[in-house]
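One structure is given here, and the rest of the page talks about it.
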Amino acid sequence: MPNSQSPRSSRRNAGRFVVGVIALALAACFAFVGVSSLMSDATTSEDNRFQAGYLEISDNDSAEAMYEVSNMQAGAVEERCITLENTGSIDIDTLRLYAPPGVPGPGGDAGDFIEMTVERGSGVTDPFSGCAGFTAASEVYNGLLDDMPETLVDGIDYLSDIPPAGTVTYRFTAELLGDQDAQNKGLSDISFIWHATGVQG
C-alpha cells in the first residue's frame, strides 16, 4: 500500500522525535547532577590551639650570698656549691656564666689575689652552699677572680640540654694567694650570673 503521509507531516514527526531526544538527554543530565550532589561528605578538625612554652631558671640560694668571708688568711680555701634548676617548660640549650666587677675594699682590690676554680657537676646532698657528695663533671674556670668574664658576651660554660625540672650544680673554690700585697685587700658586692638560652626550632 502506498505511503499516504505527506512530506509536511513527516517533517513534523521528525521534529517531535528530535525534541523528545533532547528532552530525554537533559533529564538524564539533571538526574546525574542530582545523584552526584548527594554523594558528598565532610569532616572537621576542631578545638585547635597554640601555647608558647617559657624559659625559667632558678637556684637554691634563697637570696643568700655564697661567700661572706672576713679575716681570710693566705692559703685559706673556701668552697661553696650552688644548684641551678630548669623551672620552665622548655629545654635549656646553653648557660653562660659571668661575674660583673665587685666593689674593692678600702685597702684595695682582693680580686687580684683570689684564685677561683669553678666546676660543674652533680650529686650534692647538702643544702645551699654545702658541697657534700659533689661529683665534678668538668672544670669551667680556673684563674683570678678579677679575670672572670664580666659580661654576657664573654660568658663561659656553654652547657647543653637541661630538661624541665633538670638540675646542675656548680662548685666554687676560692683560695687567697700567699702574697704580701694581698694584705687588707677586699672585694664586695660580687655577683655570679648564669644566663640561660632555650632550644630554637
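Each Cα pair under 8 Å and six or more residues apart adds its separation to the average, and for the stretch 84-155 the resulting relative contact order is 37 percent. For the stretch 77-197, the relative contact order is 48 percent, taking Cα pairs closer than 8 Å that sit 6 or more residues apart in sequence and dividing their mean separation by the residue count. How far is it, in nm, from the label point at ASN142 to the one at ALA42 when both lie 7 Å from their Cα along the line to the Cβ? Between ASN142 and ALA42, the simple spin-label model gives 7.1 nm.
Backbone N atoms of the stretch 179-201 closer than 18 Å to the 7 Å Cα→Cβ label point of PHE50 belong to residues 199-201. The Cα atoms of the stretch 117-201 define a convex hull whose projected area, averaged across directions, is 7.6 nm².
For the stretch 61-179, the alpha-carbon coordinates run over 47, 33, 26 Å along the three principal axes, in decreasing order.
The numbers here are math on the coordinates, done by the rules we state, and not lab data. Since this is a predicted model, take the numbers as computed values, not measurements. Counting neighbours? That spans all protein chains shown, and the Cβs are built from the backbone with ideal geometry, glycine included.
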